[in-house]
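Notes follow once the structure below has been shown.
Where a number appears in this text, it was derived from the coordinates with a stated rule and is not lab data. If you're wondering where the values come from, they're calculated on a predicted model, not measured in any experiment. Note that each Cβ is placed from the backbone with ideal geometry, even for glycine, and that neighbours are counted across all protein chains shown.
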Amino acid sequence: MGGKLISTGVDDLPRIAKQILSETEGEWVFALYGKMGAGKTTLIKAFCQVLGVEEIVSSPTFAIVNEYTGRESQPVFHFDFYRIKKIEEVFDIGYEEYIFSGHYCFIEWPELIDNLLPENFVRINIEVEADDKRVIAYRREVR
């Protein structure tokens with residue numbers, strides 16, 4: 001299960017987010033991989049929009065995790081592990097409680113906590129091509 005989608009601009013992202021969520025129904029953890037500036041935060045904003053989040057979505061670079069409220073008051077968690085220095089920081093925020101909560105979790109820089117990712121998650125790779133086009137590849141990951 002998975003696929004590749006092309007984004008030629010931010011207007012494509014709500015459609016892409018909706019398609020990925022639809023095709024990965026039952027999955028709650030989404031790990032977004034891509035270089036700095038690839039559009040991880042922007043895609044997470046689109047996921048949050050599709051999930052009914054009305055708050056301003058921004059990268060939790062310093063807080064590590066932001067919590068938003070989606071449809072039916074369901075929490076949506078957004079992690080950014082770019083600045084972690086030690087894995088203990090991840091445990092200090094109660095990472096397991098979020099990841100195993102059964103609520104949507106979107107993770108930027110998951111490669112920094114690879115051994116802490118759950119057995120099942122959705123891997124999303126974002127690659128920037130010519131003309132700022134993005135190739136968004138996704139698949140269910142089972143370890």
* **For residue 113: the one exception among (1) crowded, with 19+ Cβ neighbours inside 10 Å; (2) under 22 Å from residue 142 (Cβ atoms); (3) among the β-branched types (Val, Ile, Thr)** => (1)
* To do: Could you grab me the full set of residues in the stretch 28-44 that are within 23 Å of residue 119 (Cβ to Cβ) and either free of Cβ contacts under 8 Å to residues at least 24 places away in the same chain or surrounded by fewer than 18 Cβ atoms within 10 Å (Cβ to Cβ) (or both)?
  => 33
* **Given (1) among the hydrophobic types (A, V, I, L, M, F, W, C); (2) assigned to a helix (DSSP H, G or I); (3) surrounded by 19 or more Cβ atoms within 10 Å (Cβ to Cβ), index of the condition residue 91 fails** => (3)
* What are the pairs, 6+ residues apart or on separate chains, where a residue within the stretch 107-119 that is in a helix (DSSP H, G or I) has its Cβ under 8 Å from a residue that is among the β-branched types (Val, Ile, Thr)? -> 112/84; 113/84; 113/87; 113/90; 113/107; 116/87; 116/90; 116/99
* Yes or no: residue 18 under 23 Å from residue 135 (Cβ atoms), surrounded by fewer than 18 Cβ atoms within 10 Å (Cβ to Cβ) and not acidic (Asp, Glu)? -> yes
* Which condition number does residue 100 fail, the rest of (1) touching a Phe, Trp or Tyr at 6+ places or on another chain (Cβ under 7 Å); (2) surrounded by fewer than 16 Cβ atoms within 10 Å (Cβ to Cβ) being met? -> (1)
* Given the structure, is residue 54 assigned to a loop (DSSP other than H, G, I, E, B), touching a strand residue (DSSP E or B) at 6+ places or on another chain (Cβ under 6 Å), charged (D, E, K, R) and touching a residue at least 12 places away in the same chain (Cβ under 8 Å)? -> no
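Conditions tested, residue by residue: (1) over 15 Å from the mean Cα position of the chain (by Cα); (2) under 20 Å from residue 7 (Cβ atoms); (3) surrounded by 16 or more Cβ atoms within 10 Å (Cβ to Cβ); (4) not polar (S, T, N, Q).
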| position | (1), (2), (3), (4) |
| --- | --- |
| 61 | no, no, no, no |
| 77 | no, no, yes, yes |
| 105 | no, no, yes, yes |
| 130 | yes, yes, no, yes |
| 141 | no, no, yes, yes |
